Amino acid sequence: MARIELKEVSRIWEQAGKQTVGLKPMSLSIAEGEFIVLLGPSGCGKTTTMRIVAGLESATSGEVWIGDRCVNTLEPKDRDVAMVFQSYGLYPNMTVYANIAFPLKIRGMGREVIEPAVQRAAALVELGDLLDRKPKALSGGQRQRVALARAIVRRPSVFLMDEPLSNLDAKLRVSMRSHIKHLHHTLKVTTIYVTHDQIEAMTLADRVVVMSKAEIQQIGTPDDIYNNPENTFVAGFVGSPAMNLLEGQLQDGVFSAPGLRVPGFTSGHRGAVVLGVRPEDLAVSVASEAASNAAESATAVANHARVFSCELTGEATLVIADVGNAQTQQGQVSAQLGKQQLTAKADKSQRYAIGAPIALTIDAQKCFLFDAASQKRLRS
Amino acid sequence: MLGLMAIPLLMTFYLSLRQCALEMETVTVEQSGPFGTQQIVTQRAKVDASGKTIERCEYVGLRHYLRVLGLDRDATDPPTNMGEGANATPSDPSAAGAATVAGNTASGSGKPANEFFSALRFTLTYIFATTPFVLGIGLLLALGAQQLNTRWRAVFITAALLPFIVTPVVAALSIKWLFRDNGLIPYLLSQIGVQVFWMAEAWSAQLLIVLYGVWHSVPFAFIVFFAGLQSVPQDSLEAATIDGATKFQRFRYVTVPHLMPLFVFVLLIHIMDAYRVFEPIIVLTQGAFTTSVQYLTYHILLQESNPFKASAASVLTIAGVAVLLIPLLVKTYREQRGT
């Protein structure tokens, strides 16, 4: 167990005179025993960050500290880290036992040390009865558990997990997720976990580091990331279905966009903004009824919306609506203005026909405002 | 598929049990010319009433086999063979090849009794001498190519493949020209005081053939291993790095197991290929110091003009390669079934 400190770490690849920035200078400090998830789309630098910590990749600049050692010049094997790979990285010609024992064997430990250590690690991931098998004869979930056991067996001070669940099917992923969570609770080892799956990030992390375009977008608890996004990227990336982001104008506390008007903002900001609203914060109602209420209601209303598509997920009904089409009354729809879509999460019992007119109600208190130019959050 | 493979083999086997010859007769022909009449005694094929030649075939059992193996005590050609073709000179099989240097070596002028076994002995020597070098050098070259950057790698691969692309006869000739008396290498060697007449002695001629074999087969091993190296699981290599393995240990525990099926494959192909060694023998020594089983068949067929005996030699050759490959084939079969 150890703290990890990244100080202005960056990574630039140079090939044939062309520079590719893999990671812009970033700093991050991870507390002892913390479970950190690096979350972001592919190519955002999250795996690079992890590989730099592991020592598989060297940083172009900056320092990596594990515990009280600067490990920049240390070989991966001397960093006291263990890694779990997306495609398991098992040794296919060895049995499960030999796979788990490998890190100990290579360090020259005796049989009497290896045997009980392997048994203990195998028991932790419930592999006890599969030790004689070859990886080929195991299912994906079992293989990943072997990889986990191989990481555990050495009792390293840091776990690195590179998308460990991506190759598993959905059901296994859920069970392995809880496995990993429980394992971390048991062993309390500092863990860096890389994923592009926001659900894994939300469920596993003590803190989430959202990355995009080779830099950190936001660091925070899952709660923070979801309820208090710093910019439009974080807002749009975290949450499923994704947050609605609408471009429009803010003036005197009223947000307006084609076919949409949201009053009630306390922000004194004026000008071009992006409005963010989560699908579950949008209320859907039948058009006529909402229109009559609109006059007396202080809540925002998008009248004249039309259902673009209606998706049933079982627990809820997702209504995707075109809001800009209301402009048709003015004769023509400009492609630019006329196409804004909103996704709303309605009660599972509700059904709407495609093309049906509906009204959407938004509570300004539950909306996020972002600056249109910088994409940063506007706080009042 | 099986039929396609089996039919030629069965045909050869069938031929090897038989002996056919045209029925011949000795006739005296009178030729009249401006300077008188001449009488010539000659042989010609008998014809039947319809003008066709008469072919007599008989079943000879394993006699051809025994003769090839030198186990037939009265190793004389059956009389029916005597007249076949005007150029047929039934003789000691090695006589033609060894004519220039008769009596120099055991294999070159051996009695028919030794012929097949000496051919087999050299073929096996050739296989066992070349195989470790082919595998070893091929792997080293592949590992070397892996280290190069992309541009040099392309050059390296092209250069390394050349010996494989060149036609065997041309390749053998180029080796011959390099090593013939007053050739480049003997000249260079003579500069440092070493004088070897490469083609004139058994050991050096055999060494040249082995050299050719290695040189010609290494590219195949190289390209197969190189392809194998491209698919070594990177995850496993990196896992081993983090697990604390040194470069050599990573090679030993990840790369080598990954390449193992390819080792077996190259071994199998090379043994089959080496067993048929032919071109360097005919080009480098014309069978003088060395014969291989393949060369022997060729010799029996063309010099002795006996397709039936050649068939017997072929069948023995096939039997030999089958024996050599059985352990490897069994291993492959087990592996395939085990999955």
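The values are calculated or read from the model by the stated rules, or taken from the named source; none is laboratory data. This is a predicted model, so every value here is computed, not measured. Positions of Cβ are backbone-derived with ideal geometry, glycine not excepted, and every protein chain shown enters the neighbour counts.
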Problem - Close pairs (8 angstrom Cβ cut-off, 6 or more residues apart or separate chains): at positive phi in segment A:99-113, of a type in the set (Val, Ile, Thr) and modelled with pLDDT of 90 or more anywhere - result: none
Practice task
Working carefully through the options A:PRO25, A:PRO92, find the one that is closer than 24 Å to B:PRO233 by Cβ and in contact (Cβ under 8 Å) with a residue 12 or more places away in the chain.
Solution key: A:PRO92
Handout entry: Answer residue from segment A:71-89, given it is outside any loop (DSSP other than H, G, I, E, B) and more than 8 Å from every other protein chain (Cβ to nearest Cβ) and is nearest to the chain's Cα centre (by Cα) among those
Key = A:VAL84
Completion exercise
Over segment A:37-70, the set of residues in a strand (DSSP E or B) and under 16 Å from A:HIS196 (Cα atoms) is A:VAL37, A:LEU38, A:LEU39
Practice task
Tell me, please, whether a residue that is in contact with a Phe, Trp or Tyr (Cβ under 8 Å, 6 or more places away or on another chain), modelled with pLDDT under 85, assigned to a strand (DSSP E or B) and among the aromatic types (Phe, Trp, Tyr) can be found in segment A:260-273.
Solution key: no
Exercise for the section: Would you mind finding the one in B:PRO93, B:PRO132, B:PRO79, B:PRO112 that is at pLDDT below 50 and surrounded by fewer than 12 Cβ atoms within 10 Å (Cβ to Cβ)? Expected result: B:PRO79
Exercise for the section: Please determine, by comparing only the residues of segment A:90-100 that are among the aliphatic types (A, V, I, L, M) and more than 10 Å from chain B (Cβ to nearest Cβ), which one is nearest to A:LEU138 (Cα to Cα). Expected result: A:VAL96
Exercise for the section: Determine whether segment A:355-364 contains at least one residue that is more than 18 Å from A:ALA242 (Cα to Cα) and at pLDDT 85 or above. Expected result: no
Practice task
Scan segment A:205-220 and give yes if some residue there is in a helix (DSSP H, G or I) and either at pLDDT below 90 or within 22 Å of A:THR343 (Cα to Cα) (or both), otherwise no.
Solution key: no
Practice task
Evaluate the following for B:THR123: is it surrounded by 19 or more Cβ atoms within 10 Å (Cβ to Cβ) and over 18 Å from B:PHE263 (Cα atoms)?
Solution key: yes
Handout entry: segment A:119-152, subset touching a residue at least 60 places away in the same chain (Cβ under 8 Å) and within 14 Å of chain B (Cβ to nearest Cβ), residue nearest to A:ALA170 (Cα to Cα)
Key = A:GLN144
Handout entry: Residue check, A:THR20 in a strand (DSSP E or B), among the polar types (S, T, N, Q) and modelled with pLDDT under 90
Key = yes
Practice task
State yes or no: is B:VAL194 β-branched (Val, Ile, Thr), modelled with pLDDT under 85 and surrounded by fewer than 19 Cβ atoms within 10 Å (Cβ to Cβ)?
Solution key: yes
Exercise for the section: Inspect segment A:196-203 for any residue being under 17 Å from the mean Cα position of the chain (by Cα), buried (at least 23 other Cβ atoms within 10 Å of the Cβ) and under 29 Å from A:LYS24 (Cβ atoms) and give the result as yes or no. Expected result: yes
Handout entry: Test: A:PRO156 is assigned to a loop (DSSP other than H, G, I, E, B), under 29 Å from the mean Cα position of the chain (by Cα) and within 14 Å of chain B (Cβ to nearest Cβ)
Key = yes
Exercise for the section: Answer with yes or no whether A:ALA59 is out of contact with any Pro (no Cβ under 7 Å at 6 or more places or on another chain), assigned by TED's automatic domain parsing to the domain that holds A:ASN167 and more than 30 Å from A:GLY22 (Cα to Cα). Expected result: no
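Checking the structure you have, find out if any residue of segment A:26-48 is closer than 24 Å to B:LYS247 by Cα, away from every other protein chain (no Cβ under 14 Å) and not basic (Lys, Arg).
Start the filter on segment A:26-48 by keeping residues that are closer than 24 Å to B:LYS247 by Cα, which leaves A:47-48.
Add one more test, that the residue is away from every other protein chain (no Cβ under 14 Å), and what stays is none.
So far as segment A:26-48 goes, no, none of its residues is closer than 24 Å to B:LYS247 by Cα, away from every other protein chain (no Cβ under 14 Å) and not basic (Lys, Arg).
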